[in-house]
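A.B. asks: The structure follows.
The values are calculated or read from the model by the stated rules, or taken from the named source; none is laboratory data. Not measured: the values here are computed from a predicted model. Please note: Cβ atoms are built from the backbone with ideal geometry, for glycine as well, and neighbour counts cover all protein chains shown.
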Amino acid sequence: MEPRYVQVNARDNVAIIVNPEGLAAGVAFPSGLALREAVPQAHKVSLRDLEAGECIVRYGEVIGRANRAIPAGFWVREDMLDLPAAPPLDELPLATNVPAPQPALHGYTFDGYCNDDGSVGTKNLLGIATTVQCVAPTVEYAVRRIQAELLPRYPNVDGVVAITHTYGCGVAIDAPGAAVPVQTLRHISLHANLAGLPLVVSLGCEKMQPARLFSSDLPVLGDGPAVIRMQDEELRGFGNIIGAIMRAAEQRLEELNRRRRQTVPASELVVGLQCGGSDAFSGVTCNPAVGYAADLLVRAGATVMFSEVTEVRDAVHLLTPRCATEEVGRALVREMRWYDEYLGRGHADRSANPTPGNKRGGLANVVEKALGSVAKAGSSALAAVASHGEKVMAKGLVFAATPAGDFVCGTQQLASMNMHVFTTGEGSPYGLAMVPVVKVSSRTSLAERWYDLIDVDAGRIATGEATIQDVGRELFQFLLDAASGRRKTWTDHWGLHNALAPFNPGPVT
């Protein structure tokens, strides 16, 4: 490959190296720029002489200030930049540049499972919810037995999942922050891919009793499947407990096995967007392609969620003008402020976000990371904002507040989504059992190295082999196929399903 760099915006005074092995000192680009030192792939090179104190600009936005003079052609490393202040939340423009709706897309469908509550599933799963971590090993044992002994007799059921977690006891269950994990676990237990009606296994003495996890008027506590309490007197011995779970599971499997996929409009999709193991290409290739697919989904009437507060905070000034109303804008600011204060109570701030892998992949700081992250949100108007633990009900583009950590963000989004898109630059085997997780790589070299883990290669955008629109359309079609069961993601192929990690901002006692 000829020497190549990517300059995202004409105002940028740095660019990132495209060549997979990086470039050596002395290499010259067609623009006339010559490298003064070797620069690895995805890392930044100065496009002109930069003075100490001068703004470093990427994506047309300031990502830091040079803390020393940087001649043209030098590798711009993270230690050369001072972190700028975050956008002041009280001075943000609200709903001042609302994008006009793009033409609606008609006729796009997928084959899903229609539920009594009006939701649509993309899988047909038996779910076993738990109220406390204490019962997790028992439920996981029962799941192994169900998979081996029962599931083969029910070919129309895709699988069985244990909704286990680290919550339920040893916590201040009445503290305001406790509402977040309780609501999250309630929504996950009533997920569309479980037909909205799980089995429940309780210990009996925990703080998160079944009646707290589920409102008393929900079918799961009425005439639906039994709630199995391990401490009940009639359950004598481990074998008897497992037998009770398996009897309830078989009854539920018979019901689920009668379900069939039906053709439904693409508007029934609820797609969560997330990035993990990001690099400097993420904001150039995979995230913009996901953003284009997000616009297509919105045009088809679907719901698209993006999240990760600390990876939005430094780009929030680009989003508040796009809010459909001032009320939506104020809700977005509210979630940014809440997280600022949450981090402050822990004597931390947004600068703690980038990982060593992010930095190895060329991201200097959280500002650069955030500017690339919000590209997943495409160009549609922001229709709604959901707070931590709240189920997303709105159509269109929605910001759903979550932490940025992969496992926690994925768990929080799972409360609402029936499809998941996960972009990565450095690589991550992350997956979820309850929804298809479509992996999109930022670099072709990663897609080639992880050929049986990456579903869509967006690295072709950087090399000029495909456009953002090409990859966005490919991803849109992949989502419809995976939602229909016509195509299996690599995470489902290998069964790479991470444990749930609900966000708990409340005290642990």
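A.B. asks: For the subset of segment 78-89 comprising residues that are under 28 Å from the mean Cα position of the chain (by Cα) and in contact (Cβ under 8 Å) with a residue 60 or more places away in the chain, which member is farthest from Ala331 (Cα to Cα)? Can you show your working first?
C.D. replies: If we filter segment 78-89 for residues that are under 28 Å from the mean Cα position of the chain (by Cα), which is where we start, we get 78, 83-89.
Now drop any that are not in contact (Cβ under 8 Å) with a residue 60 or more places away in the chain, which leaves 78, 83-84, 86-87, 89.
Numbers: Glu78: 33, Leu83: 26, Pro84: 24, Ala86: 18, Pro87: 16, Leu89: 12 Å.
By that ranking, first place goes to Glu78.
A.B. asks: Kindly indicate which of Val385, Val438 is among the β-branched types (Val, Ile, Thr), assigned to a strand (DSSP E or B), over 14 Å from Thr303 (Cα atoms) and modelled with pLDDT of 95 or more.
C.D. replies: None of the others qualify; the one that does is Val438.
Matching residues to (1) of a type in the set (Val, Ile, Thr); (2) within 19 Å of the chain's Cα centre (by Cα); (3) not in a loop (DSSP other than H, G, I, E, B):
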| position | (1), (2), (3) |
| --- | --- |
| Glu448 | no, no, yes |
| Asp470 | no, no, yes |
| Leu475 | no, yes, yes |
| His493 | no, no, yes |
| Leu496 | no, yes, no |
| Ala501 | no, yes, no |
| Asn504 | no, yes, no |
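A.B. asks: Moving on. Before we move on, is Val440 in contact with a helix residue (DSSP H, G or I) (Cβ under 9 Å, 6 or more places away or on another chain), within 17 Å of Met305 (Cβ to Cβ), surrounded by fewer than 24 Cβ atoms within 10 Å (Cβ to Cβ) and in contact (Cβ under 8 Å) with a residue 24 or more places away in the chain?
C.D. replies: no
A.B. asks: Taking the stated definitions as given, is Arg460 exposed (fewer than 15 other Cβ atoms within 10 Å of the Cβ) and assigned by TED's automatic domain parsing to the domain that holds Cys286?
C.D. replies: Criteria not met by Arg460.
A.B. asks: Picking from Ile146, Ile163, which residue would you name as being touching a residue at least 40 places away in the same chain (Cβ under 8 Å) and farther than 18 Å from Ala501 by Cβ?
C.D. replies: Selected residue: Ile146, the only one of Ile146, Ile163 that is touching a residue at least 40 places away in the same chain (Cβ under 8 Å) and farther than 18 Å from Ala501 by Cβ.
A.B. asks: Something else about it: Can you pull out the residues in segment 353-379 that are part of a loop (DSSP other than H, G, I, E, B) and buried (at least 21 other Cβ atoms within 10 Å of the Cβ)?
C.D. replies: Passing the criteria: Asn353, Pro354, Gly361, Gly362, Leu363, Ala364, Asn365, Gly378.
A.B. asks: For segment 172-196, give me each residue that is outside any helix (DSSP H, G or I) and buried (at least 22 other Cβ atoms within 10 Å of the Cβ).
C.D. replies: Those that are outside any helix (DSSP H, G or I) and buried (at least 22 other Cβ atoms within 10 Å of the Cβ): Leu190, His191, Ala195.
A.B. asks: Only one of (1) under 24 Å from Gln477 (Cα atoms); (2) surrounded by fewer than 16 Cβ atoms within 10 Å (Cβ to Cβ); (3) of a type outside the set (D, E, K, R) fails for Gly121. Which number is that?
C.D. replies: The single condition Gly121 does not satisfy is (2).
A.B. asks: What's the total number of residues in segment 192-208 that are touching a strand residue (DSSP E or B) at 6+ places or on another chain (Cβ under 9 Å) and over 22 Å from Arg247 (Cα atoms)?
C.D. replies: Residues in segment 192-208 being touching a strand residue (DSSP E or B) at 6+ places or on another chain (Cβ under 9 Å) and over 22 Å from Arg247 (Cα atoms): 3 in total.
A.B. asks: Quickly run through segment 457-509 and pick out the residues that are farther than 19 Å from Ser441 by Cα and among the aromatic types (Phe, Trp, Tyr).
C.D. replies: If the condition is that a residue be farther than 19 Å from Ser441 by Cα and among the aromatic types (Phe, Trp, Tyr), then Phe503 is the only one that fits.
A.B. asks: List the strands (runs of 3 or more DSSP E) that sit entirely inside segment 21-128 and contain at least 2 residues that are in contact with a helix residue (DSSP H, G or I) (Cβ under 7 Å, 6 or more places away or on another chain) and not assigned by TED's automatic domain parsing to the domain that holds Pro152.
C.D. replies: Because the criterion is at least 2 residues that are in contact with a helix residue (DSSP H, G or I) (Cβ under 7 Å, 6 or more places away or on another chain) and not assigned by TED's automatic domain parsing to the domain that holds Pro152, the strands (runs of 3 or more DSSP E) in segment 21-128 that meet it are 61-66, 109-114.
A.B. asks: Another question about this same structure. What number of residues within segment 9-20 satisfy the criterion of being in contact with a Gly (Cβ under 7 Å, 6 or more places away or on another chain), assigned to a loop (DSSP other than H, G, I, E, B) and either surrounded by 19 or more Cβ atoms within 10 Å (Cβ to Cβ) or without any contact (Cβ under 8 Å) to a residue 12 or more places away in the chain (or both)?
C.D. replies: 1
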